[in-house]
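**Student:** I am attaching a structure below and will ask some questions about it afterwards.
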Amino acid sequence: MLIRPNLKDIKVILYYLGRIIVGLGVSFILPIFVGIIFKETAPLYDFLLSSGLCFILGLILIWIFRIKEETVTWMHGMLIVSLSWLVAMFLGAIPLFLSGHYQGYLDSCFEAMSGLATTGLTLTKDLDHLSFTHNFFRHLLMFMGGQGIVLVFLSFLIKTQMGVFKIYVGEARDEIILPNVVSTARFIWIVSITYLILGTLILALVGIKEGLSIPQAIFNGLCVFMAGFDTGGFSPHSQNILYYHSFFYELITIVIMVLGTINFKLHYSLWSGNRKEIVKNIEIISFFTTVMITFSIVILGIVQKPFSQNFLLYFRQGFYQLFSAHSGTGFSNLYSLQIKRWSNLAILGLIVAMGLGGGVCSTTGGIKALRIGIIFKAIVQDIKRILLPESTVLVEKFHHIKEIILEDKHVRSCMIITFCYLFLYFLGALIAVGLGYPFLDALFESVSASANVGLSLGITQLGMPSILKVTYILQMWIGRLEFIAIFTLIGFLVSIFKGK
Amino acid sequence: MLKYKGVIFIFFFILGFNLKPVFSQDLTIEEIIKRQEELDQKEISISGEIIGEALCRKGGCWFNINDGNFAIGVWVPEEVRFKPKYIGSYKYRGDKILVDGIFNRRCKQHLGELDIHAKKITLLKEGEVIEERIDKGKIFLSILIWVGVCLILILMRLSRK
């Protein structure tokens, strides 16, 4: 039986939504500083206007739906998250739309969701003439989305630990690093900001060495770091990573992608001196194994001459694309037209890599390495059960920070999420095929959107049908939040009409 | 007969020194990528706007050229001696140039990049400063909205009292 939500439920949700919108308004002020540094005037008004709108909307919601006690249930947490991401998309699209570099508001929404969900598919017109202010904002959206927009604001605004935990889980993070969520969120921020400073500095130095001017090197370094660490894949230039013509720059982005792919819990272990964890952790083993398998598939698909002759070329092009796909980043040192010319086998390798994704509690999308590892362990356990005598008591363990006994509940939750992802991948592909695109291209783009990767075979472009733009927006949103928050929203809407 | 010998000599002379056919027509970058096997190591021409920055390194500079649809890296060796006046960005419309050069599908000099090595660059149209147009409506609306924000904050404070 469905229970119709009462007014108090709606008040709690809208109150928190108001606080998040105010937080968004604050974040919209940051690009204004970039605009001032680069002496851009017109874009400042786009952000002043959008920021002000956020404040008005947020403050009105806080004022009207003010609640005395912060009682956040699981349902509230999930609904706050799912709605916040939609609202953030609509509000984040405003300054982008005002830039005049988008065909319409739908394209701006697509770009905003692509940024927030750390996907990296883009519909920007004439990106090379976009202002520094707007370009920085695109990357800032990725940085905020990668950490979890709701968590970003609420971890500093909420007093009750329980409320934040329910929101934290809603944003597809199912692991707490430190005893409470607020300190976990703050640890995530410390890690991210430390890497941001270091990464920007290194990229800027390499940029200067490769011929960029100092302001451009810093700006590019900052943007590329935000897009790489948050496994987003936007770039300040239409050529993406190709723009830099630098193998060294590409190598550094691989390191940044690795950092973004690793579970924050593992970062904590490494920061605390537990370096052995890196070789024992099921997630790392699973990720490394699938990277090697999919890389072999890609190499088999693209090799045309004896391997030894072109090893560096295959590494530069094949491995870069593969790792970018597997980590869910979407950086590319090839044109989409070049990837499209790869054999079906190589493209299939990329699709599988994109679909699998990186670590849980990281900034990547997709099914995730931990789930793949657990499912694999469960299959091994079942095979052993058949082969060993029936009286044998079989205990399978996996190592993830500590030794954990594999239980049915672990396998069940991993299987559910895996199934949901597979369903989402094929549903998106089906819609694109229905619109006349070839199956492999449609599957590639659908997986890229759902697993928040951002590589493209050319379907994502200004002229694509609006229905496909909406499909990809939904896929990016659902894929980033890992289903549960979205299912709760659907259930909530149904219960409004059918509940008792 | 001597006349024919001359023609035959010229024919073989050209053939001997230039075995590869020349694709001197102005191609789009999309066409180049699509026909990369056919055009590999051949002389081609492209035109477009210089964007971003000149990335100067040992022996030359990289210029990224955008033809309105795609952008491609053009390696300009020092001996070509080209210095653009405007490079495309938010504030500038970059110089439009015509590049004559060799297309490389997998450039040996640049670790397998797909690029063009310029032999000659011709300025087609000088770039210009893009005037920033500030929409007065946006200024007015921004002020109005921020006045609204202040009013709401005051009202919230008053209602608490």
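**Student:** For segment A:428-500, treating each Cα as an identical point scatterer without solvent, what Debye log10 I(q)/I(0) comes out at q = 0.15, 0.24 1/Å?
**Tutor:** Per q value, in the given order, log10 I(q)/I(0) is -0.55, -1.00.
**Student:** If you don't mind, there's one more thing I want to ask. Could you state, as a whole-number percent, how many of the C-alpha pairs of segment A:285-365 are farther apart than 14 Å?
**Tutor:** Counting pairs separated by more than 14 Å, the tail of P(r) holds 60 percent.
**Student:** Right, here's the next one. Rank these for me by crowding, A:His134, A:His101, going from fewest to most other beta carbons within 10 Å.
**Tutor:** Ordered from fewest to most neighbouring Cβ atoms within 10 Å, A:His134, A:His101 come out as A:His101, A:His134.
**Student:** Now for a separate question. Can you list residues whose amide H is under 5 Å from A:Lys368's amide H, if they're 5+ apart or on another chain and H is modeled 1.01 Å from N?
**Tutor:** Result for A:Lys368 returns A:Gly357, A:Gly358.
**Student:** Within segment B:63-110, which trypsin sites (Lys or Arg not before Pro) sit in a loop by DSSP and count at most 11 neighbouring Cβ atoms inside 10 Å?
**Tutor:** Loop-located and lightly packed - B:Arg81, B:Lys108.
**Student:** Evaluate 2.2 N^0.38 Å with N set to the residue count of segment B:109-161, then give the Cα radius of gyration divided by it.
**Tutor:** It is 2.71.
**Student:** Let me ask something additional. Divide by every residue of chain A the summed helix terms, -39500 (n - 2.57) for each DSSP H run of at least 4, and state the resulting mean residue ellipticity at 222 nm, rounded to the nearest 500 deg cm²/dmol.
**Tutor:** Calculated at 222 nm, the ellipticity per residue is -22000 deg cm²/dmol.
**Student:** Okay, moving on. Convert each backbone phi in segment A:472-479 into a coupling constant with the Karplus relation 6.51 cos²θ - 1.76 cosθ + 1.60 (shift: θ = phi - 60°), then list the ³J(HN,Hα) values in order as whole Hz, x for Gly and Pro.
**Tutor:** Working through the residues one at a time gives 5, 4, 5, 5, 5, 5, 5, x Hz.
**Student:** Sticking with this structure for a sec: Can you pull the Rg over Rh of segment A:58-139, Cα-only, Kirkwood?
**Tutor:** Radius of gyration over Kirkwood radius for segment A:58-139 works out to 1.11.
**Student:** Give the Rg (one decimal place) followed by the Dmax (whole number) of segment A:2-60, computed from C-alpha coordinates and expressed in Å.
**Tutor:** Cα-based Rg and Dmax for segment A:2-60 come out at 16.1, 56 Å.
**Student:** Starting with the fewest neighbours, write out B:Cys56, A:Cys109, B:Cys150 ranked by other beta-carbon atoms found within 10 Å of each beta-carbon.
**Tutor:** Least to most surrounded, the residues fall as B:Cys150, B:Cys56, A:Cys109.
**Student:** Any idea what the relative contact order of segment B:22-129 is, in percent, if you count C-alpha pairs under 8 Å spaced at least 6 apart?
**Tutor:** Relative CO of segment B:22-129 lands at 26 percent.
**Student:** Follow-up question, since we're still on this one. Counting each pair of different Cα atoms once, what's the Kirkwood radius of segment B:30-83 in Å, rounded to one decimal?
**Tutor:** So the Kirkwood estimate lands at 12.2 Å.
**Student:** Something else about it: Over the residues of segment A:222-268, compute the C-alpha Rg and express it relative to 2.2 N^0.38 Å.
**Tutor:** Dividing the Cα radius of gyration by 2.2 N^0.38 Å gives 1.19.
**Student:** Let me ask something else about it. Which ³J(HN,Hα) values in Hz, rounded to whole numbers, follow from the phi angles of segment A:349-366 under the Karplus curve 6.51 cos²θ - 1.76 cosθ + 1.60, where θ = phi - 60° and Gly and Pro get x?
**Tutor:** Listing the rounded values in order: x, 5, 4, 4, 4, 4, x, 6, x, x, x, 5, 6, 10, 9, 7, x, x Hz.
**Student:** How high is the FRET efficiency from B:Phe140 to A:Leu430, r the C-beta distance, R0 30 Å, rounded to 0.05?
**Tutor:** Efficiency, from the Cβ-Cβ distance: 0.05.
**Student:** From the backbone phi of segment A:486-500, what are the Karplus-calculated ³J(HN,Hα) couplings (6.51 cos²θ - 1.76 cosθ + 1.60, θ = phi - 60°) in whole Hz, Gly and Pro given as x?
**Tutor:** 6, 4, 5, 4, 4, x, 5, 5, 5, 5, 4, 8, 10, x, 10
**Student:** Quick query: amide H of B:Lys119 versus all other amide H atoms, modeled in the peptide plane; which residues come in under 5 Å with a sequence gap of 5 or more or a different chain?
**Tutor:** B:Asp100, B:Gly101, B:Ile102
**Student:** Starting from the amide H of B:Arg57, placed 1.01 Å from N in the peptide plane, find each other amide H under 5 Å away whose residue is 5 or more places distant or on another chain.
**Tutor:** B:Trp62
**Student:** Another question, if that's okay. Arrange the following residues from fewest to most other Cβ atoms within 10 Å of their Cβ: A:Arg19, B:Arg160.
**Tutor:** Lowest to highest Cβ neighbour count: B:Arg160, A:Arg19.
**Student:** When only alpha-carbon atoms count, how far does segment A:7-261 stretch along each of its three principal axes, as whole angstroms with the largest first?
**Tutor:** Here the spans come out as 59, 40, 27 Å, largest first.
**Student:** Counting Lys +1, Arg +1, Asp -1, Glu -1, what net charge surrounds B:Gly60 among other residues with beta carbon under 9 Å of its beta carbon?
**Tutor:** Result for the neighbourhood of B:Gly60: 0.
**Student:** Right, next: Determine the sum of side-chain charges near A:Ile431: Lys and Arg each +1, Asp and Glu each -1, restricted to other residues whose C-beta is under 12 angstrom from that of A:Ile431.
**Tutor:** Net charge in that neighbourhood comes out at 0.
**Student:** Sticking with this one: For the protein assembly as shown, count all C-alpha to C-alpha pairs, find those more than 44 Å apart, and express that count as a whole percent of the total.
**Tutor:** 25
**Student:** How large is log10 I(q)/I(0) at q = 0.13 Å⁻¹ when the Debye formula is applied to the Cα atoms of segment A:267-401, each weighted equally and without solvent?
**Tutor:** So the normalised log intensities are -0.67.
**Student:** Here is a further query. For segment B:22-129, compute Rh as the Kirkwood radius over C-alpha pairs and then the Stokes-Einstein diffusion coefficient at 37 °C and 0.692 mPa s; write the answer in µm²/s, rounded to an integer.
**Tutor:** Translational D for this selection: 240 µm²/s.
**Student:** Normalising by the residue count of chain A, find the relative contact order in percent from Cα pairs under 8 Å and 6+ residues apart.
**Tutor:** Over chain A, the number comes to 18 percent.
**Student:** Ok, one more. Note down the Stokes-Einstein diffusion coefficient of segment A:330-479 in µm²/s, whole number, using a Kirkwood radius over alpha carbon pairs, 10 °C, and 1.306 mPa s.
**Tutor:** 93
Every number in this text was worked out from the coordinates using simple rules, so none of it is lab data. The model shown is predicted, which means the values in this text are computed figures rather than measured ones. Virtual Cβ from ideal backbone geometry, glycine too; neighbours counted across all protein chains shown.
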